[in-house]
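Read-outs throughout are calculated quantities, based only on the coordinates presented, and are distinct from any laboratory measurement. Small disclaimer: the values here were computed from a predicted structure and weren't measured. Neighbour counts are summed over all protein chains in view; Cβ atoms, including those assigned to glycine, are modelled from backbone coordinates with ideal geometry.
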Amino acid sequence: MRDDTPECPFCARRIMRPEPTKTDFGEVLGGTCQCGAIFVCDPTGHGGGEAYLEALALMKGDRDVHLLDPDKDYFYEDFDYDIKSHKRLYSSSRRSMGKLVFVKLRSKGNRTSAAS
């Protein structure tokens with residue numbers, strides 16, 4: 001039987017349920033992994049672009065995310081997620097499908113792998 005508890009896509013550690021976090025740019029529903037990855041939840045699955053920008057802003061510490069190059073500065077992953085059950089979803093047939101968006105800074109010597 002598959003365990004659908006969400007795991008960080010960069011290190012495979014289980015992640016905690018996203019929590020509201022107040023930032024300089026508003027409240028964000030997200031968290032951090034022990035490996036340094038930042039994750040943000042889009043509970044509806046319709047604000048993926050906003051969740052992506054929020055995750056980048058949290059990672060960078062400000063809203064100047066346009067200065068980041070995804071090919072050089074960070075890794076990006078996302079997956080379908082149900083915030084009510086705190087489960088990763090593998091089928092798009094569920095109506096309550098949201099997204100978890102993950103970003104992680106690349107280390108200077110690691111340009112090809114997202115693993116930590």
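Projected label points at residue 90 and residue 66, each 7 Å from Cα along the beta carbon direction, are separated by 4.1 nanometres.
Coordinate range of the alpha-carbon atoms in the chain per principal axis, descending: 38, 32, 22 Å. Secondary-structure-derived ellipticity at 222 nm for the chain, considering helices only, amounts to -3500 deg cm²/dmol, per-run term -39500 (n - 2.57) for DSSP H runs with n ≥ 4.
Helix 48-60 sits at what angle to the longest principal axis of the chain, using alpha carbons and giving 0 to 90 degrees rounded to 10? Relative to the chain, helix 48-60 is tipped by roughly 50 degrees. Amide H contacts of residue 106 (H built 1.01 Å from N, in plane; Pro and chain starts excluded): 74, 75 sit under 5 Å, all sequence-distant by 5 or more or on other chains. Which number gives the lysine pairs in the chain that have C-alpha atoms under 30 Å apart and are eight or more places apart or on different chains? Lysine pairs meeting both conditions in the chain amount to 21. Relative contact order, whole percent, for the chain stands at 29, derived from Cα pairs under 8 Å and 6 or more residues apart.
No disulfide-compatible partner, judged by a Cβ distance under 4.7 Å, exists for the following cysteines of the chain: 41.
Ordering 81, 52, 90, 76 from the fewest to the most neighbouring beta carbons within 10 Å gives 90, 76, 52, 81.
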